[in-house]
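The values are calculated or read from the model by the stated rules, or taken from the named source; none is laboratory data. None of the values given here were measured: they were computed from a predicted structure. Ideal geometry is used to build each Cβ from the backbone, glycine not excepted, and the neighbour counts take in all protein chains shown. Heads up: the accessible areas ignore ligands, DNA and RNA and are worked out on the full protein's heavy atoms, side chains in. Shrake-Rupley method; radii C 1.70, N 1.55, O 1.52, S 1.80 Å.
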Amino acid sequence: MAKRASSFVCQSCGAAHTRWQGRCDSCGAWNSIAEEESTGSMPAAQRGGRRGRLVALESLAGVSEDAPRIRIGIDEADRVAGGGLVPGSVLLIGGDPGIGKSTLLIQASASLARQGHRVIYVSGEEASAQVRLRAERLGLAGATVELAAETNVEDIVATLSEGRRPALVVIDSIQTMWTDSVESAPGTVTQVRSSAQILIRFAKRSGACVVLVGHVTKDGQIAGPRVVEHMVDAVLSFEGDGAHHFRILRAQKNRFGPTDEIGVFEMTGLGLREVANPSELFLSNRDRGAPGTAVYAGMEGTRPVLVEIQALVVPTSLGTPRRAVVGWDPSRLSMVLAVLEARCGIKLGGHDVHLNVAGGFRITEPAADLAVAAALVSSLSGSALPTDSVYFGEVSLTGAVRPVAHAAARLKEAAKLGFAGAVAPQPKAVASEAGETPLAVETVTSLGDIVATIAARAPRRAARVTQEG
Ligand code: TYD
Ligand code: MG
């Protein structure tokens, strides 16, 4: 009799190890490795012994049936998906438990059902009654979404194959699914992968769009969505934090659309509400006139987003000064601090630096460098920046301020929100971009320019900035 082989699989990234160990070499997660049986996971036909079947090869130039996208009817979600759902595609939506994934998907399901599409919502976590209660609370009880509370994938696929082809199938969540073909416990990497494989095959065969929900867990108790990321067509993440009501849907991978778009929602008592103008939300509670704040005109995909950057620079009582960053890349902060020291003579070695992007937003663009530098210098000098100006520009290691893309769109958004001026580098294409901007643009070429401007506004303290730093 063949010996049962077992392997040790990391539940976070899926890497296999020959023996148990405390930390996964592959992804660095602690205590995430679990023993899994590996026999019987592959049908005999696939293990070999079968002659290959001839497949027809086609030319690239052939005509293929144009599959129109199905619009969900929720603009913020449609844009992130690349203009709607592609029939036969598989989407993975990851996010922390309780962030609102089920709420978003029941709203999307209801919206599609109202347009006359067949939608099936399979919940492996809640009973149908609970899903129905939530839909009732959201005022969606009238929509003809078909519900099922089931976790066996074979049963689910058999059910889905009956009757009219569904336009959308929601599987909430992939970690609760299990298949008869493998022996591991539900929630393990092998089960999650095999179940996802079966559902993906169903989507490709039937032309239904399948959305898989994946919980992101930090302790590695259940397999994370990362283990199926490479198999699906698009990976979206639903982000937000408990302290704020807004949620951001972000595409991390998308075979059928862009990956830099975001969708912004607000969690209300009546479900998720679309936020068409995120800048207004992020700027709603500004501390006008306080030193250390700068408004950054950013871009998220094709959409400009204005956010407030707050900096606090205080003398430190520690041997090693503290650098705390929320919502931005800590290594970029170190870079900006180093450039301020090397090129502008502002030494912050004796100061703690706290940097916060207001509202819990996360900035990924280097174009925020200039706004961060302005906020830091403003906090250090105690001189507030003008409240009606926005800042953007990338700082290079030489201290130069480099132009960034989409300057015109950033300026237009700022003007729309009532800002009167902008501090920015000279745009690359002067003629086309800077055309007729509605704002007074103060162009800066080096970080020194902006330090001098801020220092000039606080004459008494300016001396301090450059002397003791
Ligand atoms: P849920 O969609 O169940 O999260 P997930 O599926 O990602 O685990 O959302 C749960 C949270 O959302 C819960 O804490 C309550 C909140 N919520 C509202 O604030 N308003 C609502 O209308 C609904 C349905 C949920
Ligand atoms: Mg849920």
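Values for this structure:
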item	result
Semi-axis lengths (Å, descending) of the ellipsoid that matches the C-alpha gyration tensor of the chain	48, 27, 21
Between segment 287-352 and segment 72-149, the alpha-carbon center distance in angstrom	40
Orphan Cys of the chain, criterion: no other Cys C-beta under 4.7 Å	Cys209, Cys344
Proximal lysine pairs, the chain, alpha carbons under 25 Å, eight or more residues apart or interchain	7
Kyte-Doolittle at least -1.0, axis length at least 24 Å by Cα - qualifying DSSP helices, the chain	189-206
For segment 389-397, Karplus couplings with θ = phi - 60° (6.51, -1.76, 1.60), whole Hz, Gly/Pro x	10, 10, 10, 7, x, 9, 9, 9, 5
Highest to lowest packing among 450-456, 202-208, scored as the average C-beta count within 10 Å	450-456, 202-208
Extension reserve of the Gln115-Arg201 stretch, reckoned as 0.36 nm per residue once the Cα distance is removed	28.3 nm
Using a Förster distance of 60 Å, the FRET efficiency for Ser128-Leu54 (Cβ separation, nearest 0.05)	0.85
Heavy atoms of Lys412 accessible to a 1.4 Å probe, total area in Å² rounded to 10	140
Largest to smallest accessible area among Cys209, Cys27 [probe 1.4 Å]	Cys27, Cys209
The chain - share of DSSP beta bridges that are antiparallel (%, nearest 5)	55
Accessible area (Å², 1.4 Å probe, nearest 10) - His351	20
Nonlocal amide H pairs with Val390, under 5 Å, H built at 1.01 Å	Gly421, Ala422, Val423
Thr144-Leu270 FRET efficiency (beta carbon distance; Förster radius 22 Å; 0.05 resolution)	0.60
Accessible-area value, Trp20, 1.4 Å probe, nucleic acids and ligands omitted, Å²	130
Estimated inter-spin distance, Thr398 and Leu318, nm [label 7 Å along Cα→Cβ]	3.5
Positive minus negative residues near Val307 (Lys, Arg vs Asp, Glu; Cβ under 13 Å)	-1
